[in-house]
1. Mind checking which residues of segment 19-38 are over 11 Å from K305 (Cα atoms) and not in a helix (DSSP H, G or I)?
2. Within segment 124-137, can one find any residue that is over 15 Å from the mean Cα position of the chain (by Cα), within 24 Å of I235 (Cα to Cα) and hydrophobic (A, V, I, L, M, F, W, C)?
3. Looking at segment 74-90, I want the residues that are among the charged types (D, E, K, R) and have a partner that is buried (at least 23 other Cβ atoms within 10 Å of the Cβ) with Cβ atoms under 6 Å, at least 6 apart or on another chain. Which pairs are those?
4. Which members of segment 235-254 meet the condition of being exposed (fewer than 14 other Cβ atoms within 10 Å of the Cβ) and under 30 Å from A154 (Cβ atoms)?
5. Considering L54, L42, which residue is in the same structural domain as M79 (by TED's automatic domain parsing), modelled with pLDDT of 95 or more and under 17 Å from V81 (Cβ atoms)?
6. Show the residue pairs that are 6+ apart or on different chains and have beta-carbon atoms under 7 Å apart, the first residue being within segment 218-232 and buried (at least 24 other Cβ atoms within 10 Å of the Cβ), the second being assigned to a helix (DSSP H, G or I).
7. Restricting attention to segment 75-95, and to residues there that are part of a loop (DSSP other than H, G, I, E, B) and not acidic (D, E), which single residue is nearest to V217 (Cα to Cα)?
Amino acid sequence: MRLAIDAMGGDHAPEEIIKGSLEALKYFQDIEIVLIGKEEVLQNLKGKSDRLKLVYTSEVIENDEAPVTAIRKKKNSSMVVGLELLKNEEVEAFLSAGNTGALMAGSLLTLGRIKGIERPALAPILPTLNGATVLLDAGSNTNCDEENLVQFAAMGHVYAQKMFGIERPRVGLFNVGAEEEKGNDVVKRAFEKLKKSNLNFIGNVEGRDIPYGVCEVVVCDGFVGNAILKSMEGIASVISQLVKEELTRNIFTKLGALLIMGGLKRITKKMDYTEYGGAPLLGIRKPVIKAHGNSKAKAIFNAIKQAKNFVDNDVLNHIKEEIESMGDELSV
């Protein structure tokens, strides 16, 4: 399996991207990695591995650039070149921690959408008390109609099914209350469509329900989804910091910390978003993975693992089959 990686995208590029990629090559013996970036950054990697290929580019799409303009003007950027490699089937997946809007715009312009999907969705995996939950959309589409939400649900169903190994993943619709009559008109219409679908729809879920893992898929528009994602990341970080402060407050708490260190490490690992690496752009015709902009080597390694699993499980073709089988349920 050959994967392309944008070495120039992300807050900690290129050092952490390179480090995570090299670690993945050591761990996964059945992958090849194509690192894309500036020659002065990558040239020292020559000969590091016979499964590492370097592609040199002269441009970088920065985080503050307008997505569509950047994609159209910077044809020799690491992101655009990576998407072209994927389009031409020279690689089987592309991963970037760079500009999210540009990656979405570039994926749409270069690769296109799966037939039957009006809007692709960013689908990160959230750690929860009972395992993990797929959230979609997490920021790609701030304004959605009910058909978009139903399509997100169908794609999330397949993704959770293949990645978590659950035959009938539970699908929840994010809302301000659990009652069927709650929410705006779009959410109410989406509720009615999902209730009639063949998905394992459990109804509305509230924000406080998500960390408990009440369902494997949570559906919402991108504005709400991004707020959920960032809030959960922030809360996890604050809790981790508070626990650390309390356990190092004095000699007695430090001694207590030694006794429970194993348990704390397991909890930290379970609630660490970097363990899941990145989020696929579901609905795009080829596998594109968006790693967190703040990704360090560990997160990049796990994003590569996620991309590998995505391809190995043939998620895209299963999504296509699901969309086709649902037929009229996904249309007006």
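1. Hits for segment 19-38 are Q29, D30, E32, I33, V34, L35, I36, G37, K38.
2. Residues of segment 124-137 over 15 Å from the mean Cα position of the chain (by Cα): 128-131.
Applying the additional criterion that residues be within 24 Å of I235 (Cα to Cα) yields 128-131.
Keeping just the survivors that are hydrophobic (A, V, I, L, M, F, W, C) gives 129.
Yes, because at least one residue in segment 124-137 is over 15 Å from the mean Cα position of the chain (by Cα), within 24 Å of I235 (Cα to Cα) and hydrophobic (A, V, I, L, M, F, W, C).
3. K74/I61
4. Kept after step one, since they are exposed (fewer than 14 other Cβ atoms within 10 Å of the Cβ), are these residues of segment 235-254: 235, 237-239, 241-242, 244-246, 248-254.
Passing the criteria: only I235.
5. None of the others qualify; the one that does is L54.
6. V218/I210; V219/L149; V219/F152; V219/A153; V219/G156
7. So the residue we want is V91.
Yes/no matrix, rows are residues, columns are (1) assigned by TED's automatic domain parsing to the domain that holds E216; (2) farther than 14 Å from A123 by Cα; (3) touching a helix residue (DSSP H, G or I) at 6+ places or on another chain (Cβ under 6 Å):
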site	(1), (2), (3)
N143	yes, yes, no
E146	yes, yes, yes
M155	yes, no, yes
R168	yes, yes, no
N175	yes, yes, yes
E179	yes, yes, no
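The values are calculated or read from the model by the stated rules, or taken from the named source; none is laboratory data. Bear in mind that the values here come from a model prediction, so they are computed numbers and not experimental data. Using ideal geometry, Cβ is built from the backbone for each residue, glycine included, and neighbour counts are taken over all protein chains shown.
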